[in-house]
Amino acid sequence: MDSFAFIIHPIDPKRDVTRKYPLLGKWLPVNAIHFVSRFWPPLYLSHITGARSAATGKEKEIEGWLIAVPYTAPRMLQLSPQEVYRKIIAAGRMAEELGAQVLGLGAYTAVVGDGGRTIAQELDIAVTTGDSYTAAVAVQALHLAAARMGIALQQTTVAVVGATGAVGGVVAQKLAREAGRILLVGRRRARLAEVGAQVQACAQGEVALSLDITDIREAGVVVTVTSAGGNLVRPEHLRRGAVVCDVSRPRDVSWQVAQARKDVLVFDGGLVRVPGAVDFGFNYGPPPDMTFGCVAETMALTFEGRFENYTLGKDLSLEKVEAIEALAAKHGFKLAALRSFERQLDDAMIDKIKLQARRSNDNIITK
């Protein structure tokens, strides 16, 4: 049976450590968890079973394993890339011993250093960050959400926060083909100019650049995908009726937005439904039959028997994004229902947001 492994790590230290070690998660303070994470070895979490694809005509089944690198996200940002590499490579060696043929890098393990290239050089199995399918699914979800809110991308400004990153850059290129105007937001002026030139080559409308997050108030649609570590997008940054796709983990969008802005639609990017009766064997965040785009990319490659390095580095190509999107569709991966801050968004919830956005606008006009 073809097989894969996927590396995850704690995002919310207390919550995620509790999932594996209930007592430690309950009693250890966050600072202690950050400290201990530096010395803890990679952890075997679970055996993944039940994922099946009908694309081959014989209901091909694959298996996999979840492995945890115990570093928290803040810890990875504090440590040198070389030290983080060592822990990820050790997790990769565990994957090899389990029999995995391809390894996916999740969350910050895909971001650190050179985007997986060094990891791939040190291992004897294929490696992917999964960022290509993450980008594809984010755009799919954005189309769905914008349509539900009655927003035509061709008639609005679309902002991409974190446009200088791997996922942000290729998402911007895909959206630029149809956006009336696209606003690229990043932190480094020189890199932002490079990405702007790439986006301009496929844009149908104006391409604007900004180093200021507050400029996203101009946008009817926002995609945010950074490694900023949370609370980047706040209530005052968003216009009425905006649609916001948050691809980042930890989230870029503050919890205050959900509490204070009932007139904007914020949803998680990158969640897909897995074909078959999948059992991940461990609660790592998504609902039982769903997973993140990065995990789905690893699984789709396994279904196809493509045991080769796929998405690596900081520059993603549109060709690879579209190729893995087609491959995932072939094997039965589908965009999951929109979710926002751990809850599914049904039609009634979205209609309520639309109504609140109209009321807010009416109040301003009346005044």
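The values are calculated or read from the model by the stated rules, or taken from the named source; none is laboratory data. Values in this document were obtained by computation on a predicted structure and should not be read as measured data. FYI the Cβ positions are ideal-geometry reconstructions off the backbone, even for glycines, and counts take in every protein chain you see. Ligands, DNA and RNA are stripped out before the accessible areas are found, and what is left, the full protein with its side chains, is counted by its heavy atoms. Shrake-Rupley method; radii C 1.70, N 1.55, O 1.52, S 1.80 Å.
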Report summary line: Gyration tensor (Cα only) of region 121-265 to equivalent ellipsoid, semi-axes in Å sorted down, yields 23, 18, 15
Query raised in the report: Using alpha carbons only, how many degrees (0 to 90, rounded to 10) separate the axis of helix 318-330 from the longest principal axis of the chain?
Result: 70 degrees
Report task. With springs only between Cα atoms under 10 Å apart, run a GNM on the chain and tell me which of GLY106, GLY205, GLY116 wobbles the most. Result -> GLY205
Query raised in the report: By how many nm would the segment from ALA147 to LEU211 lengthen if fully extended, with 0.36 nm per residue of separation less the alpha-carbon distance?
Result: 20.2 nm
Report task. Using only alpha carbons, build the gyration tensor for region 28-115 and give me the equivalent ellipsoid semi-axes, biggest first, whole Å. Result -> 30, 14, 12
Query - Of every Cα-Cα pair in region 59-107, the percent that sits beyond 18 Å - result: 36 percent
Query raised in the report: Got a sec? Which residues in region 252-287 would a label at ALA54 touch, if it sits 7 Å along Cα→Cβ and we count backbone N under 17 Å?
Result: 273-278
Query raised in the report: Which of ARG239, ARG38, ARG188 moves most in a GNM of the chain, Cα contacts under 10 Å?
Result: ARG188
Report task. Would you list, by chain and number, the lysines whose Cα falls below 28 Å from the Cα of LYS354, excluding same-chain residues fewer than 8 positions away? Result -> LYS174, LYS262, LYS334, LYS367
**Report entry** Theoretical FRET efficiency, 1/(1+(r/R0)^6), r = Cβ-Cβ of GLU83 and PHE307, R0 30 Å, to 0.05
**Finding:** 0.60
Report summary line: The percentage of the accessible area of the chain (probe 1.4 Å, all protein chains present) made up of carbon and sulfur atoms, to the nearest whole number, is 51 percent
Query raised in the report: Taking the chain as a Gaussian network, Cα atoms linked when under 10 Å apart, which of MET290, MET76, MET349 shows the biggest mean-square fluctuation?
Result: MET349
Query - Per residue solvent-accessible surface (Å²) - region 71-188, probe of 1.4 Å - result: 33 Å²
Report summary line: With Rg from the Cα atoms and Rh as the Kirkwood inverse mean 1/r over Cα pairs, region 294-337 has an Rg/Rh of 0.95
Query - Probe 1.4 Å - accessible area at TYR71, Å² to nearest ten - result: 0 Å²
Query raised in the report: Label points 7 Å out from Cα along the Cβ direction at ALA337 and GLN256: separation in nm?
Result: 3.1 nm
Query - Cut-off 14 Å between beta-carbons: net charge of the residues surrounding ASP351, Lys and Arg +1, Asp and Glu -1 - result: +3
Report summary line: Long-range share for region 1-75, i.e. C-alpha pairs more than 22 Å apart as a percent of all pairs, stands at 37 percent
Query raised in the report: Against the longest alpha carbon principal axis of the chain, how many degrees, from 0 to 90 and to the nearest 10, is the axis of helix 166-176 turned?
Result: 40 degrees
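Compute the convex hull volume of the Cα atoms of region 76-191, divide it by the residue count, and report the result per residue in Å³ as a whole number. All intermediate terms of the calculation are to be shown ahead of the outcome.
Values: hull volume 14.8 nm³, N = 116.
In region 76-191, the Cα convex hull volume per residue is 128 Å³.
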Query raised in the report: Once the piece of chain linking TYR44 and ALA197 is laid out straight, how much longer is it, given 0.36 nm per residue of separation minus the C-alpha distance between them?
Result: 50.7 nm
Query - Per principal axis, descending, Cα span of the chain in whole Å - result: 66, 50, 44
Query raised in the report: Ordering MET299, MET1 from largest to smallest accessible area (1.4 angstrom probe), what's the sequence?
Result: MET1, MET299
Report summary line: Share of Cα-Cα pairs in region 120-186 beyond 21 Å, whole percent, is 31 percent
Report task. Any chance you could check the Cα centroid distance between region 8-41 and region 249-279 for me, in angstrom? Result -> 23 Å
**Report entry** Directionally averaged projected area (convex hull, Cα atoms, region 1-155), nm²
**Finding:** 12.6 nm²
Query - Equivalent ellipsoid semi-axes - Cα gyration tensor, region 277-367, angstrom - result: 37, 19, 12
Report task. Just report the Cα centroid separation between region 92-122 and region 303-319, whole Å. Result -> 13 Å
Requested in this report: Would you mind checking the radius of gyration and Dmax of region 198-323 based on alpha-carbon positions, in Å?
Outcome: 17.3, 47
